[in-house]
Structures are given as C-alpha cells and as structure tokens.
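Notes for the one structure printed next.
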Amino acid sequence: MADERMDVAALLGRPVAEDDLLDRLHAVIDPELGVNIVDLGLVYGAEVIDGVARVRVTTTTPACPLGSYMTGEIRRALFDVDSVLDVQVEVTYEPRWSVDRMTDTAKAQLGWPV
Amino acid sequence: MAGLTASRYGLLALGGVGLLAGLTGALVLLGMPMPAPARDLGADHGVLMTLGFLGTLISLERAVALGRGWGYLAPLLTGAGGIALIAGAPAVLPLTLFTGGAAAFVAMYVAFDRIERSLHTSVQAVGALAWLGAAFLLLGGRAPAEVVPWLAAFLVLTIAGERLELSRLARLTNRARIGFVAGAGIFCIGVAMSVASADMGMRVAGIGLVALAVWLARNDVARRTVRMEGMPRFVALSLLSGYAWLAVGGACWLLFGATPGGPAYDAMLHAIFLGFVMSMVFGHAPIILPAVLGTPLPYRPRFYLHLALLHVGLLLRTGAGDLLGFEVAWRAGGILNVAALLLFAASSAVAIALERRASLRAVPAPSS
C-alpha cells in the first residue's frame with residue numbers, strides 16, 4: 001500500500017500552483033487581438049486536482065465561437081506540464097467579461113493610455 | 001466529439017457547395033461560355049452567395065458559439081436551401097428552407113440575449129431579423145433584386161455588431177456608442193422604407209452605410225492591431241480595407257438609389273457584398289474556421305494573395321468597368337473576384353487538411 005502511494009506521488013510530481021498554469025496560459029494568444037488570454041482577463045481560474053488541470057475561461061461575448069478554439073489551445077499549452085495528466089476546460093459566462101478585467105499590459109498593447 | 005466535428009465539416013461543405021454554385025452563376029453573369037445546366041445559376045447567383053454560402057457559414061459560426069444541438073438547424077436548413085436551389089427544385093422549397101434557417105438563426109440570438117443582454121448582440125439580432133424579413137419577402141414573390149437592402153442588412157448588421165463588441169477593447173466611449181446607434185438606425189430606417197419605396201429607401205440606407213463605415217474605421221480595434229505583426233495585422237488590414245468598400249458602396253446607394261441593372265447597380269452591390277463582406281470573411285476565416293473545425297490554422301503570409309486579388313479585381317471591375325465603361329475591365333475584374341474566392345477556399349481547405357494531420361499526431365484527444 002505504501003509502495004502504491006509512492007508510485008502515485010512520483011507520477012504526479014510536485015504540486016502545480018495556479019501561477020504555474022497561468023504562466024503557461026500566457027502562451028495562448030487571441031488570434032485577432034495578438035494579446036494573451038490571461039492579460040485579456042479571459043481566464044477565471046486554473047487549478048490542478050488529482051493530476052487534472054481544470055481551467056475556467058470566458059469569451060468577450062457568448063456569440064463568439066472562440067471558446068472551442070481556446071479549449072484546444074489551452075490543452076496544447078498545458079498537456080506537457082509535469083504532473084498534469086489531463087486538461088479540462090470549462091467555458092463560462094458567469095460573471096460576464098468586461099474591459100475592467102484586462103490588465104494594464106493588455107490595455108497598453110491595445111493602445112490605451114496607461 | 002469526433003461526430004460533432006464531422007457534422008460541422010458536413011455543414012461547412014453545404015456552404016461550400018453554395019459558394020461554388022454561386023461563383024458558377026457569377027461566371028454566367030459575366031458572360032463566360034458555360035454548359036447548359038449551369039446557365040440557370042446566373043439568376044440564383046445573389047441568393048446562393050448571400051444565403052446558400054454566407055447564411056450557412058455565419059449561422060454555423062453562431063451554432064458553434066451557442067453550443068446547443070438545435071442551433072445547428074440554422075446552417076442545416078440554410079445549406080439544404082442552397083442545395084435545393086441548385087437542384088432546380090420548385091422555388092417554394094429552397095425559400096421555405098431559407099426561412100426556416102433564418103428563424104433558427106433568430107432563435108439563437110434570443111438564447112444569446114438570455115445569457116447576456118447587450119447592444120452588440122441586439123444589433124446582430126436585428127441583422128438576423130433582416131435575413132428573416134428577406135426570406136419572407138422572397139417567399140411572398142419579391143424578386144431577389146428588390147430584397148437586396150434586406151440581404152445587405154443581414155450581413156452589414158451582423159458584421160457591424162461583432163465589430164462594435166470588439167471595439168470595447170479599444171476604449172469605446174458612450175459618445176461613440178451613440179454615434180454607432182445613429183448610423184445603424186438610419187441604415188435600418190432606409191432598409192424598412194425600401195419595401196414601399198425602393199429608391200428613397202436605398203438612398204437613406206446609403207447614408208447609414210457611409211456613417212457606419214466612418215464609425216468602424218475610427219473606432220474598430222483594428223486601428224490598434226494593424227500595428228502588430230502576423231495574424232492580427234492581416235485581420236486588421238482585411239477589416240480596414242473592407243470599411244473603404246463599405247463607404248464606397250454606401251455612397252453609391254445614396255447617389256444612385258434603386259437602379260435596376262447596369263453599371264451603377266453592379267458597383268452598388270459588389271462594393272458591399274464583395275468589397276466589404278468578403279474582406280471580413282477573408283480576415284476572419286483563419287480565426288473562425290479553427291474554432292468551427294477544431295483545427296488550428298496558423299497565419300501564413302500567402303493569405304494576402306487572395307485578399308489582394310479581391311481588391312484588385314474589384315477596383316478593375318467598379319473603376320475601369322462600371323465607372324469608365326470598359327467592358328473588358330469589368331469582365332476581367334469579375335473573373336479576378338471569382339479567382340480570389342476560389343483561391344481563398346482552396347488555400348483554407350489545404351491549410352486545414354495539413355494542420356489537422358499535424359495536430360492529430362501532436363496532441364492527445366480530449367478525455368471527455
């Protein structure tokens with residue numbers, strides 16, 4: 001039994017913090033805006049539980065079909081993170097996205113005076 | 001998951017058939033020698049391009065966004081309408097299918113409104129209602145030429161609503177929002193008036209189109225992203241060049257009103273439906289197709305080739321052809337436009353096939 005626990009621990013590796021996942025998600029770029037989804041404020045949460053990375057994201061409007069595109073890109077960004085065995089992405093519209101969620105970095109990239 | 005993706009490919013293929021048939025009809029109208037069965041497509045060219053192709057494509061995009069099975073009724077019925085038209089079925093069948101597709105498209109906006117009520121969604125919903133209105137007018141016996149303002153409203157308001165939404169990311173002010181509503185409102189009033197008075201309605205709508213073009217050129221986030229590189233720059237240049245054609249088209253509507261046939265009519269239609277709408281389609285295809293088909297489509301500099309071909313062809317057609325009266329230029333420009341759309345379709349299909357093969361090797365399939 002003890003040996004089994006050790007095997008699982010070895011498989012899972014060190015715990016993955018939300019910041020680690022968010023760092024990886026900076027690589028997911030909105031193709032039209034050229035800005036990453038973290039700075040756009042589209043990522044509502046990211047965590048790893050029992051080797052499964054769960055990411056909650058939104059789009060700027062529910063009529064935008066990029067949710068499924070983002071799901072694929074997020075999987076690509078996270079599937080090789082140590083101790084992540086699977087990636088599950090939930091697209092949600094609660095709470096609603098607004099420009100207030102954008103970081104200063106994103107605003108600067110889009111020409112806001114920040 | 002695989003079944004859903006296959007269904008989307010199938011629905012996209014229905015739109016693709018509408019596109020190919022619509023382009024065949026374009027060649028007939030350009031006076032190219034075509035075999036007898038293809039000649040009838042000339043009369044259906046406009047409806048095939050706006051509903052058979054664009055209606056299927058846009059409603060498929062919305063169905064993917066909504067993520068509910070019934071949403072796919074819109075592209076299914078619309079695509080089937082295109083096939084029925086091509087097959088020469090009695091007019092009532094394709095028109096009924098287009099009407100059903102429009103109703104499902106409107107229903108999707110009701111669902112979007114329940115998720116999030118907003119100005120940009122409402123503007124697109126009015127565009128969906130314009131498609132429904134066009135379908136009813138066609139069913140009621142109106143000729144496609146009489147329904148042009150309604151078909152234009154479907155496409156212009158759908159696109160303008162999308163751009164209004166994204167313009168929030170470029171620090172949209174309340175004053176700018178009011179300006180948008182004014183331009184879109186004038187356009188809608190003109191479209192509604194066109195049922196009773198085609199000439200006056202189109203002139204009023206033309207004012208709205210010019211106002212919308214100026215608004216979009218000033219407020220769209222493309223003004224910022226055009227300074228970037230790669231895909232954002234390509235999308236932005238597609239959009240901004242499309243706004244120039246929207247302004248040209250709107251000015252033609254204002255100046256010429258309802259002109260049955262002839263060079264002015266050719267310029268009025270194609271500045272909007274080709275110059276504006278197809279620029280948007282070209283710009284957004286590398287973003288929307290991956291979302292619809294689940295296959296990445298990285299930016300390639302060759303995307304500029306079909307965009308340039310579209311604009312050069314349209315300049316030749318409307319400038320040297322429609323304006324200066326050189327029929328050879330009009331025909332050559334029209335053929336270049338057809339070539340641009342075929343190149344776009346072929347280039348997208350090849351790029352998706354290659355990327356799909358590569359991505360299937362690289363990434364494991366989702367577990368659920």
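The values are calculated or read from the model by the stated rules, or taken from the named source; none is laboratory data. Worth saying up front: this structure is predicted, and the values here are computed from it rather than measured. Reconstructed Cβ throughout: ideal geometry from the backbone, glycine too, with neighbour counts over all protein chains shown.
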Can you spot a residue in region A:79-88 that is more than 10 Å from chain B (Cβ to nearest Cβ), in contact with a Ser or Thr (Cβ under 8 Å, 6 or more places away or on another chain) and at pLDDT below 90? no
Conditions first: (1) within 14 Å of chain A (Cβ to nearest Cβ); (2) touching a helix residue (DSSP H, G or I) at 6+ places or on another chain (Cβ under 6 Å). B:R177 passes all but one, so which condition is the exception? (2)
So, first residue within 12 Å of B:F303 (Cβ to Cβ) in region B:224-238, second residue basic (K, R), Cβ within less than 8 Å, six or more apart or across chains; the pairs are B:R233/B:R227
Any hit, region B:39-56, residues being more than 18 Å from the chain's Cα centre (by Cα), modelled with pLDDT under 95 and farther than 24 Å from B:A143 by Cα: no
At pLDDT 95 or above and on the phi < 0 side of the Ramachandran plot: is that true of B:P33 in this structure? no
Looking for something small (G, A, S), facing another protein chain (nearest Cβ under 9 Å), part of a helix (DSSP H, G or I) and within 27 Å of B:G55 (Cβ to Cβ) - is there at least one such residue anywhere in region B:289-306? yes
Taking only region A:92-105 into account, find how many residues are facing another protein chain (nearest Cβ under 8 Å) and surrounded by 16 or more Cβ atoms within 10 Å (Cβ to Cβ). 2
Exactly one of B:L316, B:L341, B:L309, B:L324 is more than 14 Å from chain A (Cβ to nearest Cβ) and within 17 Å of the chain's Cα centre (by Cα), and that one is B:L341
Which of the following residues is in contact (Cβ under 8 Å) with a residue 24 or more places away in the chain and of a type outside the set (F, W, Y): A:D39, A:D80? A:D39
Helices (runs of 4 or more DSSP H) fully within region B:200-276 counting 2 or more residues that are over 22 Å from B:V47 (Cβ atoms): B:222-225, B:230-256
Quick check on A:R75: is it in contact with a strand residue (DSSP E or B) (Cβ under 6 Å, 6 or more places away or on another chain), more than 13 Å from chain B (Cβ to nearest Cβ), among the charged types (D, E, K, R) and under 24 Å from B:G67 (Cβ atoms)? no
Report yes if some residue within region B:209-218 is within 14 Å of chain A (Cβ to nearest Cβ), modelled with pLDDT of 95 or more and under 28 Å from B:P286 (Cβ atoms); otherwise report no. yes
Would you be able to say whether some residue in region B:304-316 is closer than 27 Å to B:W150 by Cα and surrounded by fewer than 20 Cβ atoms within 10 Å (Cβ to Cβ)? yes
Qualifying position, being of a type outside the set (K, R), out of contact with any Cys (no Cβ under 9 Å at 6 or more places or on another chain) and within 17 Å of B:E165 (Cβ to Cβ), among A:G72, A:G67, A:G111: A:G67
Out of curiosity, is A:P31 farther than 20 Å from B:R163 by Cβ, part of a loop (DSSP other than H, G, I, E, B) and either within 11 Å of chain B (Cβ to nearest Cβ) or free of Cβ contacts under 8 Å to residues at least 60 places away in the same chain (or both)? no
Could you please give the count of residues in region A:34-66 that are among the small types (G, A, S), within 11 Å of chain B (Cβ to nearest Cβ) and surrounded by 23 or more Cβ atoms within 10 Å (Cβ to Cβ)? 1
Odd one out for B:I115 among (1) within 14 Å of chain A (Cβ to nearest Cβ); (2) under 17 Å from B:G79 (Cβ atoms): (2)
